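To keep things clear, I will list the structure first and then write my remarks on it.
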Amino acid sequence: MTSQTDTQGSVTTVYKVSGMSCGHCEGAVSGEISQLPGVSSVQAVASSGEVTVVSAAPLDEEAVRAAVDEAGFELTGRA
């Protein structure tokens, strides 16, 4: 598990997403995940297939999976 709680009480989790190949892909994934309650920051990197999410509390992985699916990509797990 790669979730980490920092000193400000937020949680950083890195997810692996398959299918991202460009900046538009990164934007689509980031846009969907950023709509989840409690999310304060999302950084998607197509070249590594990693999406770093900062949230107020740990996120439900199925909610993240649904958001990634809505963007047209597949959540393959945590990095």
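Against the definition (in contact with a Lys or Arg (Cβ under 9 Å, 6 or more places away or on another chain) and at positive phi), how does Gly77 come out, yes or no? It is true that Gly77 is in contact with a Lys or Arg (Cβ under 9 Å, 6 or more places away or on another chain) and at positive phi. Any residue at all in the range 64-79 that is part of a loop (DSSP other than H, G, I, E, B), acidic (Asp, Glu) and farther than 11 Å from Val11 by Cβ? For the range 64-79, residues part of a loop (DSSP other than H, G, I, E, B), acidic (Asp, Glu) and farther than 11 Å from Val11 by Cβ: absent. Taking the criterion of being of a type in the set (Gly, Ala, Ser) and part of a loop (DSSP other than H, G, I, E, B), the residues of the range 47-63 that qualify are Ser47, Ser48, Gly49, Ala56, Ala57.
Selection of the range 49-60 for residues being surrounded by 13 or more Cβ atoms within 10 Å (Cβ to Cβ), out of contact with any Gly (no Cβ under 9 Å at 6 or more places or on another chain) and either within 13 Å of Ser18 (Cα to Cα) or among the charged types (D, E, K, R) (or both) yields Glu50, Val51. Taking (1) surrounded by 16 or more Cβ atoms within 10 Å (Cβ to Cβ); (2) over 11 Å from the mean Cα position of the chain (by Cα); (3) touching a residue at least 40 places away in the same chain (Cβ under 8 Å) in turn, Ala46 satisfies each apart from (3).
Per the conditions (1) out of contact with any helix residue (DSSP H, G or I) (no Cβ under 6 Å at 6 or more places or on another chain); (2) crowded, with 18+ Cβ neighbours inside 10 Å, the sole criterion not satisfied by Gly31 is (2).
Read-outs: derived from the displayed coordinates by stated rules, not from any lab. Since the model is a prediction, treat every value here as computed from it, not as a measurement. Heads up, the Cβs are rebuilt from the backbone with ideal geometry, glycines too, and the neighbour counts pull from every protein chain shown.
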